[in-house]
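Written out below as structure tokens is the structure these notes cover.
Values quoted throughout were computed directly from the atomic coordinates according to the rules given, and no laboratory measurement underlies them. Being a predicted model, the structure only gives us computed values, none of them experimental. Here the Cβ positions follow ideal geometry from the backbone for every residue, glycine too, while neighbour counts run over all protein chains shown.
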């Protein structure tokens, strides 16, 4: 028994090959490039199949006769029992032209070749997308009843299946899988789409909120999700089952879950907060459709919606699937599969496996260094406070991205020159040091003018230089200059740089400003009124500016950094015994900011502090007051204060890790 397979090196293809190689016969696989040919050979080695059984046929589904030469056609004529057509574009974001060429015209070429080669049966892999957004139950005999086929993917899958039904001269069978995800036993998958598109959102919720925080969510339509091993096991069985020509098979979950239930399953797998209360999206059905269409085309609403979707990394079409209206009757297919012991496992039994594989193998953050260097390639990166602490650690972390141009700034000329040499030694090809006091307006203006003349626009500004003062308000009544000194660097110095680089960012229509702020802004740390106020001012300015520049691709990110062991905190000896981040750990937060360009990066404790101050300000005040009294200002005060037990201080600092006291 011989097979001719299109799309054999794709996701479904390689899983199906693993089943077919266990049967006798040869497998002729259409490959469109040397890379695909090499990939097929690798798959053959992994499966342990002899090279004379797994045979590459050069071709292309978009070409006449699939690009198979007349000589090869003659050799294959009458030799193929099953032509399995898997090749297609499975991408909701692909252009209509690309999808028509591959999904429709490609299928027509497969039909023509099936007739020329006199194959025994053509097996066409369609999709539940061929039903469009049909409202109700769609069974395996239905086809023309499909509704709302306006999206290119749904339309082309429907048109391809129509061509098979109307134009095929040989016996055929049609397979409609649901949303195919990874292997239910191993989680193995090729690319993250479908429900995977929401995984980064769940990961972000997990990283920023405790698991027990209840969230308000939605309850939409039923998502028919199936694992690739079920789909290919079912296909392998149905392909070889006698008497089924002309049939259509729904390879779907007979008990699909609603979208809200699906997201909660994956939230549990990710240890992220669940949607404790879910609003049923069918409530929107009471709103006349023409009103919803009018709202969706209203420019301000459309821009807001597109901006939110882009920020979440979710395609607009994928969001439409949340309220998917179609149920698929697969009873006939499952009755055929039951004697072979093939059944679709419930999603709950393998959701954790899918998440684990994604986070270990498919999460874009696993390629952080590559993404980082792609982001910085050819860019001018300005880092202040780069001679020590977080600034130096960040510069070192970025130094391996040799195609970036680093502009490092600090007051200490000797340390700055040493930092430059360290960066060059780590692989940076272009490092320029500027010894500047950012509290001095004239020096800052000269710095900006020099950078513009020598390098042009600054693409990434990391405002890291800062000054901290730990002193209670009662001890600051005659020290107004403390507040002036912190504002001069932390706010006005950083602000001058931002205003100075915005012209270049506007001109290039892109740019990123990262401000190293403090967890104290979120928790209102006592004894740091001068420092927190200066950082809060910069945070407020950045929020305002971000709203003005959002549509110009200029981003502002605030990092509410917890306590970091740097020279800035060295004078406070008490911090020697409390948990802190290392500068290298802090630099990783900056890397995350560069890659993802979020609005804010903060620890869970920092966010909890902000929430507590927002919903229960008096309670938050009492907590911070207790901490204030437990950590006196001076050794003398500590000896005099009965509450100032060192063990208690260490315990509280460990509990409130990273907060300043």
Likely footprinting exposure, 396, 37, fewest C-beta neighbours within 10 Å first: 37, 396
Inter-probe distance in nm under a simple model that places probes 7 Å from Cα toward Cβ, at residue 619 and residue 582: 3.7
For a label point 7 Å along the Cα-to-beta-carbon line of residue 452, residues of the stretch 490-512 with backbone N under 19 Å: 493-512
Fully extended contour minus Cα-Cα distance, from residue 77 to residue 112, at 0.36 nm per residue: 11.3 nm
Fewest-first sequence of 330, 51 by Cβ atoms within 10 Å of each Cβ: 51, 330
Gain on full stretching of the segment that runs from residue 62 to residue 166 - 0.36 nm per residue minus C-alpha separation: 35.5 nm
Ascending count of other beta-carbon atoms within 10 Å, so fewest first, for 40, 502, 366: 366, 502, 40
Stretchable slack from residue 191 to residue 441, in nm (0.36 nm times residue separation minus alpha-carbon distance): 84.9 nm
Rg/Rh for the stretch 1-177, where both radii come from Cα atoms and Rh is the Kirkwood radius: 0.97
Relative contact order (percent, whole number), the stretch 1-177, Cα cutoff 8 Å, 6+ residue spacing: 21
Cα centroid separation, the stretch 1-69 to the stretch 209-237 (Å): 30
Shape category assigned to the stretch 83-163 from the gyration tensor of Cα positions, a/c cut at 1.5: oblate
